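Data block below; observations after.
The values are calculated or read from the model by the stated rules, or taken from the named source; none is laboratory data. In this text, all values refer to a predicted model and were calculated from it rather than measured experimentally. We place every Cβ from the backbone using ideal geometry, glycine too, and count neighbours over all the protein chains shown. Accessible surface is based on the protein model in full, side chains and every heavy atom, while ligands, DNA and RNA are left aside. Shrake-Rupley method; radii C 1.70, N 1.55, O 1.52, S 1.80 Å.
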Amino acid sequence: MDIKLVAFDMDGTLLNSRHELSPETIRALYKLKEKGIICVICTGRSIAGLKHYSELLDLNMPIVTLNGTIILDKDKNVIFARTLTLEDAKRIWSLADNLNANLALWSNNKLYCNKINKFTLNYSERSYLPITLIDDFEAFVQDNGISKMIFFDQEDKIIDFKSKVS
């Protein structure tokens, strides 16, 4: 059986322990493409967060971003997009508010949060994007689709949160 497509995660797969693309990895991806094998990047990152890895973007590969909520073809055209329902987004925001947890969210390829502190600023830095505080979530969610929401906080708080929602 011939291999037609190979999908790669970013962290721990394409990127080394220093979050860099090695020259060997780039060469291997080019070799796969030369053999006619379609290479796909699959990541929780946004397309804006991938711009730091321009070598990957130059390979003209399809990209599955934000854990599958947005899929781009090899020319970076959106071919699939899914957002959270209004009810789910409100419920997640409310949970974060009730538990005093830090929440980061993606909307229109931009990064937002419910509070600015060391946790959300760290997430912003790791995402290579500025982060914007949402003052009025009700108004925001009415006007914007939300692709991804994540809790970004101390590990014990996340574990406590998980136990309350499981």
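Observations on the model:
- Looking only at region 123-133, and only at residues there that are touching a residue at least 24 places away in the same chain (Cβ under 8 Å) and open to solvent by less than 70 Å² (accessible area, probe 1.4 Å), the one that is farthest from GLU155 (Cα to Cα): LEU129
- Subset of region 79-100 [assigned to a loop (DSSP other than H, G, I, E, B) and more than 19 Å from the chain's Cα centre (by Cα)]: LEU99, ASN100
- Sole residue being in contact (Cβ under 8 Å) with a residue 60 or more places away in the chain and in contact with a Leu (Cβ under 8 Å, 6 or more places away or on another chain), chosen from LYS110, LYS115, LYS157: LYS110
- Residue among LEU15, LEU99 that alone is open to solvent by less than 40 Å² (accessible area, probe 1.4 Å) and either among the charged types (D, E, K, R) or under 23 Å from PHE152 (Cα atoms) (or both): LEU15
- Flag for THR120 being assigned to a helix (DSSP H, G or I), within 24 Å of ILE150 (Cβ to Cβ) and open to solvent by less than 30 Å² (accessible area, probe 1.4 Å): yes
- Across region 1-12, the number of residues qualifying as exposed (fewer than 10 other Cβ atoms within 10 Å of the Cβ) and in contact (Cβ under 8 Å) with a residue 12 or more places away in the chain comes to 1.
- Restricting SER22, SER94 to those that are over 30 Å from ILE159 (Cβ atoms), surrounded by fewer than 18 Cβ atoms within 10 Å (Cβ to Cβ) and of a type in the set (S, T, N, Q) reduces the list to SER22.
- For region 79-91, residues that are open to solvent by less than 70 Å² (accessible area, probe 1.4 Å) and β-branched (Val, Ile, Thr) total 1.
- Selected residue (criterion: modelled with the lowest pLDDT) from residues of region 105-143 that are among the small types (Gly, Ala, Ser) and farther than 20 Å from LYS90 by Cβ: SER127
- Of everything in region 55-78 that is without any contact (Cβ under 8 Å) to a residue 12 or more places away in the chain and open to solvent by 50 Å² or more (accessible area, probe 1.4 Å), the residue that is nearest to SER107 (Cα to Cα) is VAL78.
- Pair list, Cβ < 7 Å and 6+ apart or interchain, from region 81-105 residues that are among the basic types (Lys, Arg) to residues that are part of a helix (DSSP H, G or I): LYS90/VAL141
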